[in-house]
Ligand code: TZP
Ligand code: MG
């Protein structure tokens, strides 16, 4: 499968995003059809050290069972230690060149971009995919930049050519289809799945929205 297809319904989550047990939420989301997962353990009450590593390993095993790639946010050492399938880095994290040097050859390396320039640079630097946003207002990331809107997303699509692109920030069932229309290959969400009453149906409904192309 190509990375573009893995981006269709991309769940990002850490233990503090969940109302219920994060392993339960992840398993429900996997059963509901998510196509990629990123372990993003940060912020208030986030696990560290051995606890973080243990949760990462458990999540990786779950993802394996569903044949869904497991990525780690920011923490390149952890990604290598637990045998992740890839890493996602932001603009303030380790540069892609250095990440590539340290990681296995086939590692998926995703990069965040909050504007056109960052997206173009990430594409030229060889990112496997770009995570662009926030597209809409989000309550999940407190230091998120100003939303780029569907117009900003469409402009990024135009300027990065064929580089796989996933949208992030404030994406829910009601706006997921518009995001795909604007040129994203997929949607990435935190709260729309991890904060929902039923992660399985939330994942299914989001996936359905990504397939409504004319
Ligand atoms: N980066 C840009 S917005 C965001 C991240 C990690 C948070 C997305 O969370 P939600 O709940 O899907 O809006
Ligand atoms: Mg980061």
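I need the full set of residues from segment 132-152 which are within 16 Å of ligand 2 (Cβ to nearest atom), within 19 Å of residue 181 (Cα to Cα) and touching a helix residue (DSSP H, G or I) at 6+ places or on another chain (Cβ under 9 Å), in order please. Let's see the steps before the verdict.
Keep residues of segment 132-152 that are within 16 Å of ligand 2 (Cβ to nearest atom), which gives 132-134, 138, 140-145.
When the remaining residues are screened for being within 19 Å of residue 181 (Cα to Cα), the result is 132-134.
Scanning segment 132-152 gives 132, 133.
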Notebook entry, point to check: What do you reckon, is residue 186 within 16 Å of ligand 2 (Cβ to nearest atom), under 15 Å from the mean Cα position of the chain (by Cα), surrounded by 24 or more Cβ atoms within 10 Å (Cβ to Cβ) and at pLDDT 95 or above?
Noted result: no
Next item on the list: Identify the residue in segment 155-172 that is crowded, with 16+ Cβ neighbours inside 10 Å, more than 16 Å from ligand 2 (Cβ to nearest atom) and free of Cβ contacts under 8 Å to residues at least 40 places away in the same chain and, among all such residues, is farthest from residue 11 (Cα to Cα).
Entry: 155
Next item on the list: State all residues of segment 41-60 that are over 18 Å from residue 83 (Cβ atoms) and touching a residue at least 24 places away in the same chain (Cβ under 8 Å); if no residue qualifies, say none.
Entry: 42, 43, 44, 45, 46, 47
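I'd like the residue in segment 1-18 that is in a loop (DSSP other than H, G, I, E, B) and touching a helix residue (DSSP H, G or I) at 6+ places or on another chain (Cβ under 8 Å) and, out of all such residues, is nearest to ligand 2 (Cβ to nearest atom). First the steps, then the outcome.
Kept after step one, since they are in a loop (DSSP other than H, G, I, E, B), are these residues of segment 1-18: 1-2, 7-8, 14, 18.
Filter again for touching a helix residue (DSSP H, G or I) at 6+ places or on another chain (Cβ under 8 Å), leaving 8, 14, 18.
Working: 8: 23, 14: 12, 18: 19 Å.
Ranking the qualifying residues of segment 1-18, first place goes to 14.
The values are calculated or read from the model by the stated rules, or taken from the named source; none is laboratory data. For clarity, every value in this text was computed on a predicted model and none was experimentally measured. Cβ: placed from backbone, ideal geometry, glycine included. Neighbour counts: every protein chain shown.
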